Amino acid sequence: MNTILTEKLSYVSGYRENRQALANFILTHEAYFPELLEHCFSNEENYSHKACWVTELVCKGKLTWLFPHLDFFLIKLPSLKNDSSIRPLAKVCELLCESYFIKKDPKTMSQLKDAHLEKLAEINFDWLISNVKVATKAYAMHCLFLLGKKYHWIYPELKHTLEQGFAHHSAAYKARARHILKKI
């Protein structure tokens, strides 16, 4: 892809202001959002993780823009291997779950079908048991806690998985796991 967006992504750095500047550009030019998502899953070393960083910020502002792309997003999500790409999209999953279960947003509730929610549960369990960074695991725990309000089979599995993970993870993981376990 050799486009205006590709060029703009090449200048994105880890600085929040820098990522936010491109997110603001996308937020004023919605037509670039589908291309941004394509970059997320392109596995282009120089652009993929940057696109994911920006996608998180765009979704914080306009989560509804993701709805027409939910199938693509959820099918491609498990293909990500780079922690710098996974963490921001795990946050997007959390935004979806919070919008559905906490805010009970009518648009979100009408767009997220059972198949989407089940795929979210599968993806988040995969992250919880795989070798990803603790921030991704924390988002996964929260998503699974929220999904467990609808799918009662999740809580016993989540409890078992979190308890097994205690011996192998950091203090941050343990703190979040204790917090989730208290709520279950």
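The table below gives the values:
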quantity: Test result for HIS179, loosely packed, with under 13 Cβ neighbours inside 10 Å and either free of Cβ contacts under 8 Å to residues at least 40 places away in the same chain or not basic (Lys, Arg) (or both); calculated: no
quantity: Selection within the stretch 71-105 - under 17 Å from ALA115 (Cα atoms) and open to solvent by 50 Å² or more (accessible area, probe 1.4 Å); calculated: ASP71, PHE72, ILE75, LYS76, PRO78
quantity: Count - residues of the stretch 1-24 that are of a type in the set (S, T, N, Q) and in contact with a Leu (Cβ under 8 Å, 6 or more places away or on another chain); calculated: 1
quantity: Some residue of the stretch 115-123 being over 22 Å from TYR15 (Cα atoms), out of contact with any helix residue (DSSP H, G or I) (no Cβ under 8 Å at 6 or more places or on another chain) and open to solvent by less than 50 Å² (accessible area, probe 1.4 Å); calculated: no
quantity: Qualifying helices (runs of 4 or more DSSP H) (wholly inside the stretch 93-184; at least 3 residues being of a type outside the set (Ser, Thr, Tyr) and more than 15 Å from the chain's Cα centre (by Cα)); calculated: 106-111, 114-129, 154-165, 171-183
quantity: Helices (runs of 4 or more DSSP H) enclosed by the stretch 1-67 - at least 1 residues per element that are out of contact with any Asp or Glu (no Cβ under 8 Å at 6 or more places or on another chain), touching a residue at least 40 places away in the same chain (Cβ under 8 Å) and surrounded by 16 or more Cβ atoms within 10 Å (Cβ to Cβ); calculated: 4-10, 33-40, 48-61
quantity: Sole residue being at pLDDT 95 or above, of a type in the set (Phe, Trp, Tyr) and closer than 23 Å to SER130 by Cα, chosen from PHE33, PHE72; calculated: PHE72
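A quick yes/no check of all residues on (1) in contact with a Gly (Cβ under 6 Å, 6 or more places away or on another chain); (2) open to solvent by 20 Å² or more (accessible area, probe 1.4 Å); (3) not acidic (Asp, Glu):
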site: LYS133; (1), (2), (3): no, yes, yes
site: ALA140; (1), (2), (3): no, no, yes
site: LEU147; (1), (2), (3): no, no, yes
site: HIS152; (1), (2), (3): no, yes, yes
site: GLU157; (1), (2), (3): no, yes, no
site: HIS160; (1), (2), (3): no, yes, yes
site: TYR173; (1), (2), (3): no, no, yes
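The values are calculated or read from the model by the stated rules, or taken from the named source; none is laboratory data. Keep in mind the model is a prediction, meaning the values are calculated, not measured. Note that we place each Cβ from the backbone using ideal geometry, even for glycine, and neighbour counts take in every protein chain shown. For the accessible areas, the whole protein counts, side chains as well, though only heavy atoms, and no ligand, DNA or RNA atoms are used. Shrake-Rupley method; radii C 1.70, N 1.55, O 1.52, S 1.80 Å.
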